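Each remark here refers to the structure printed beneath this line.
The values are calculated or read from the model by the stated rules, or taken from the named source; none is laboratory data. Not measured: the values here are computed from a predicted model. Heads up, the Cβs are rebuilt from the backbone with ideal geometry, glycines too, and the neighbour counts pull from every protein chain shown.
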Amino acid sequence: MESPLSFTGSAKRIIPAVYGGMPKRRWAVPVAPVVVVLVISVTWIGVLLWYLVWGVFLIPFRLFHRLQRKSEVDALRHRELLDAIRDTDTARESPPVDEGGGSS
């Protein structure tokens, strides 16, 4: 089922609600589609405003957190690179260790 804050989901919820709540009278039959269109239009305007407002507010938030995660990953890569360079420099400077235990 679609979200109530989507165009399709709101329409799928409104149509049964309006037709189910209409009286079964002769005058209600031509009025029901008009009521459905009006209610769906008002609801869709609300959904559109919701997406516009929260979309505009969340764009800087998403960008900020994306840049923050990217800088954390870059810092981790830099630290790993420095550790690798330090390990190779240490391996070059230390003399080889004789593990044979034999006498010279």
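Output the residue which, of all residues in the range 14-33 that are surrounded by 14 or more Cβ atoms within 10 Å (Cβ to Cβ) and either part of a helix (DSSP H, G or I) or charged (D, E, K, R) (or both), is modelled with the highest pLDDT. For the range 14-33, the residue satisfying everything is I14.
What residue, of L38, L63, is modelled with pLDDT of 85 or more, surrounded by 10 or more Cβ atoms within 10 Å (Cβ to Cβ) and within 30 Å of G9 (Cα to Cα)? Working first, answer last.
Details: L63 fails: modelled with pLDDT of 85 or more.
Checking each option against the conditions leaves just L38.
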